[in-house]
Amino acid sequence: MKDLKAETPANGNLSKLETSRCGSSGEALLKPSTLPTVLELSELSPDQKARDNWGSSLEFLMSCIALSVGLGNVWRFPFTALENGGGAFLIPYLIVLFVVGKPIYYMEMLLGQFSSRGIVQVFDFAPLMRGVGYSQLLALGVLATYYASVMALTLRYFFDSFAAELPWSYCRPEWGDGCVSAASTEDGVQGSLSRNFSSSSQLYLQRIVLNETSSLETDGIGYPSGSLTLMLALSWLTVTLIIIRGVKSSGKAAYVLALFPYVVMFILLIRAVTLPGAYDGVMYFLTPQWDKLLEPVVWYNAVTQVFFSLAVCFGVIIMYSSYNKFGHNVYRDANIVTTLDTFTSLLSGVIIFGILGNLAHESGTKDIASVVKAGPGLAFISYPEAIAKFKVMPQIFSLLFFAMLFMLGVGSNVGMVSCIMTVLKDQFVNLKLWMIVVCLSLIGFLVGLVYITPGGQHIITLLDFHGVTFVSLVSAIFELIAVGWIYGTKRLCQDAEYMLNIKTSKYYRICWSIVTPMVMMVILVYTLLTMRPLSYNGQEFPLPYRIFGWCVSGVIIGQLFYWACHANYKQPKGSLKCRISNSAKPHADWGPLDLKQLMDYQIFLRHKDETNARGLKHRCLCYTVGDRIFG
């Protein structure tokens, strides 16, 4: 498509543009307040292909639910809430949800649906910030590959659950006297575990499933596990089959991926609340520890929980929304998904701690904290151990739990891989979609083999921080600045008004412009100030691995600066200030994908601009700032 941004129209078909001089170069440029001219159909690419759409609006909603309601809700939220004040954690969590989660979620839905572009092309609104899209793309690649390895673990436990006796419920002779059977219900079992004994569920994960190495420095990462390799292949095959036809196939699968976990959750909820000791476990989870609210780390954990639970600032929401029909009510959907995500986290907490309360009861201890493991340990140690103590059909509940975990993992990973697929499809339009999907899956499988080696959990910990968590916080701040200040909150609200015919409230305007970017900046500063050498199971990573981790971070964050320089270099000759200013403006074809709608949108903006400019000859700084927020 012809780029008209740096040109002055010369033919009579286009309306005359007001121009100004920039610097000393003498180039004629559009004034910042002057909007792009109306495009003629003849000037646009005749072979531009229509973008696929969801089969129905419900498919989009289900896909967003399957993406946002993931493994983090089941094993991260309950433990994070427990460590950060129990029921009191809900106060900072809900506050952060309203000032970070909901505003970003709605913002990304607006950008994706309005432009019908993926996470790289959406930055046509400010080419200077295109590196944000590439940074998010690389972070997604890291996340998707190790997420699949976690799905492989859930599959391994799922198939293990068909055994007549759950394999993690008893001790092996080679484990010696330091093992305590998970199925044992004798009093004092938990006391034994506290005296350097280990449960059979923990040893099963470490020695049988993972064959975990004790030290990267002495043992290296080792070779991939044969059984987990097969499970990893099945995981990627599942993802491939779901997205092989893009949103046409993934949209249909979204119903199962979004609804099945809730069916299982309600079955497990009924079972959990009827177990002996369940009440104590749930109350332990919900009882507020008010003194925790004064600790900065609690608010930090609330922000990161909301941020990663909703999957905001990864580009997937933008991608999903880009397949919507123009005018779809994303305001309603954003509220539904963010509310449902919070409800699911609370529901998971009640289920998990109800079962853990029973585990403590059966183990003869009232200290529920002593039976809780953090993160994946909650799913693969504490919960399997609790199931092993069930007297009635433990295999059934084990199958249901790990099937639910697998579905949650698939729902999230489908979104991640689809996002990468969309960027490649937008770049290579004539390439067959199935070829892109198969290639991505093969690469993901090969990279994922690293994570199922004996040292794989060490590598996951390393890349989770350096390749996902840290870089995502940085790219999120740049995304919020790009939208709120470079593109402008006022312009985004005008886009929402044109597309949805609704006025944006002051709540969203203030969050997009001030509150949300400030909160994310504080979190980044806090992360830097409290940063310690990365470790796994109490052991610091060897220096070569730490250097590798920072190199990964450098490559991903470096995209921000590389593409900013690239956008500046592509501008016409002129002063540096002029080129930077020009590269921060939207492309001339920025707007709705439909050509007639694009022309109508540009007329709409021109009318808005003329209306706002009447009688305003001099504008002070305060007025300019206020105008960019409130219009």
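In table form, for the structure just shown:
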{"read-out": "Single residue of segment 115-165 satisfying the filter (of a type in the set (S, T, Y) and within 20 Å of A567 (Cβ to Cβ)) that is surrounded by the fewest Cβ atoms within 10 Å (Cβ to Cβ)", "value": "Y134"}
{"read-out": "Only listed residue being modelled with pLDDT of 95 or more and not aromatic (F, W, Y), chosen from G615, G554, G574, G538", "value": "G554"}
{"read-out": "Segment 426-448, residues that are more than 21 Å from the chain's Cα centre (by Cα) and under 19 Å from L241 (Cβ atoms)", "value": "K432, L433, W434, M435, I436, V438, C439, L442, L446"}
{"read-out": "Test: residue in segment 142-160 that is assigned to a helix (DSSP H, G or I), farther than 30 Å from G377 by Cβ and touching a residue at least 24 places away in the same chain (Cβ under 8 Å)", "value": "no"}
{"read-out": "So F343, is it more than 25 Å from S198 (Cα to Cα), part of a helix (DSSP H, G or I) and not aliphatic (A, V, I, L, M)", "value": "yes"}
{"read-out": "Residue within segment 358-377 that is of a type in the set (D, E, K, R) and within 30 Å of W590 (Cα to Cα) present", "value": "no"}
{"read-out": "Selection status of L424, crowded, with 21+ Cβ neighbours inside 10 Å and aliphatic (A, V, I, L, M)", "value": "no"}
{"read-out": "Lone qualifier among L593, L528 - being under 24 Å from the mean Cα position of the chain (by Cα), of a type outside the set (G, A, S) and modelled with pLDDT under 95", "value": "L528"}
{"read-out": "Residues of segment 285-343 satisfying the condition of being in contact with a His (Cβ under 9 Å, 6 or more places away or on another chain) and not polar (S, T, N, Q)", "value": "none"}
{"read-out": "First in segment 172-193 and on the phi > 0 side of the Ramachandran plot, second anywhere and at pLDDT below 80 and assigned to a loop (DSSP other than H, G, I, E, B), Cβ under 7 Å, 6 or more apart", "value": "G188/G364"}
{"read-out": "Segment 236-253, subset touching a Phe, Trp or Tyr at 6+ places or on another chain (Cβ under 8 Å) and crowded, with 20+ Cβ neighbours inside 10 Å, residue modelled with the highest pLDDT", "value": "W236"}
{"read-out": "Residue check for I557: crowded, with 17+ Cβ neighbours inside 10 Å and under 30 Å from E217 (Cβ atoms)", "value": "yes"}
{"read-out": "Test set (1) surrounded by 21 or more Cβ atoms within 10 Å (Cβ to Cβ); (2) among the aliphatic types (A, V, I, L, M); (3) under 20 Å from the mean Cα position of the chain (by Cα) - L492 fails condition number", "value": "(3)"}
{"read-out": "Residue within segment 590-599 that is crowded, with 16+ Cβ neighbours inside 10 Å, touching a Leu at 6+ places or on another chain (Cβ under 8 Å) and under 30 Å from L97 (Cα atoms) present", "value": "yes"}
{"read-out": "Residue in segment 327-335 that is of a type in the set (K, R) and within 22 Å of T516 (Cα to Cα) present", "value": "yes"}
{"read-out": "Residue ID - farthest from V437 (Cα to Cα), chosen from residues in segment 229-254 that are aliphatic (A, V, I, L, M) and touching an Asp or Glu at 6+ places or on another chain (Cβ under 6 Å)", "value": "A254"}
{"read-out": "Check on T338, touching a residue at least 24 places away in the same chain (Cβ under 8 Å), assigned to a helix (DSSP H, G or I), out of contact with any Phe, Trp or Tyr (no Cβ under 9 Å at 6 or more places or on another chain) and polar (S, T, N, Q)", "value": "no"}
{"read-out": "Number of the exception - G377 against (1) part of a helix (DSSP H, G or I); (2) modelled with pLDDT of 90 or more; (3) surrounded by fewer than 21 Cβ atoms within 10 Å (Cβ to Cβ)", "value": "(2)"}
{"read-out": "Lone unmet requirement of (1) surrounded by 13 or more Cβ atoms within 10 Å (Cβ to Cβ); (2) in a loop (DSSP other than H, G, I, E, B); (3) of a type in the set (D, E, K, R) for R546", "value": "(2)"}
{"read-out": "Residue that is surrounded by the most Cβ atoms within 10 Å (Cβ to Cβ), among those in segment 427-437 that are at pLDDT 90 or above and either assigned to a helix (DSSP H, G or I) or of a type in the set (S, T, N, Q) (or both)", "value": "V437"}
{"read-out": "Spans of helices (runs of 4 or more DSSP H) in segment 219-308 with at least 1 residues closer than 30 Å to P92 by Cβ, of a type outside the set (G, A, S) and within 25 Å of the chain's Cα centre (by Cα)", "value": "247-273"}
{"read-out": "Condition met for V312 (surrounded by fewer than 23 Cβ atoms within 10 Å (Cβ to Cβ) and either β-branched (V, I, T) or touching a residue at least 24 places away in the same chain (Cβ under 8 Å) (or both))", "value": "no"}
{"read-out": "Total residues in segment 575-589, condition surrounded by fewer than 19 Cβ atoms within 10 Å (Cβ to Cβ), farther than 29 Å from D52 by Cβ and not hydrophobic (A, V, I, L, M, F, W, C)", "value": "3"}
{"read-out": "Residue in segment 340-349 that is surrounded by fewer than 23 Cβ atoms within 10 Å (Cβ to Cβ) and farther than 30 Å from M107 by Cα present", "value": "no"}
{"read-out": "Check on S581, touching a strand residue (DSSP E or B) at 6+ places or on another chain (Cβ under 9 Å) and at pLDDT below 90", "value": "no"}
{"read-out": "Every residue from segment 103-131 that is of a type in the set (A, V, I, L, M, F, W, C) and not in a helix (DSSP H, G or I)", "value": "I119, V120, A126"}
{"read-out": "Hey, T304 without any contact (Cβ under 8 Å) to a residue 12 or more places away in the chain and of a type outside the set (D, E) or not", "value": "no"}
{"read-out": "Count - residues of segment 268-286 that are more than 12 Å from L347 (Cα to Cα) and surrounded by fewer than 18 Cβ atoms within 10 Å (Cβ to Cβ)", "value": "4"}
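The values are calculated or read from the model by the stated rules, or taken from the named source; none is laboratory data. This structure is a prediction, so every number in the text was calculated from the model and none was measured. Counting neighbours? That spans all protein chains shown, and the Cβs are built from the backbone with ideal geometry, glycine included.
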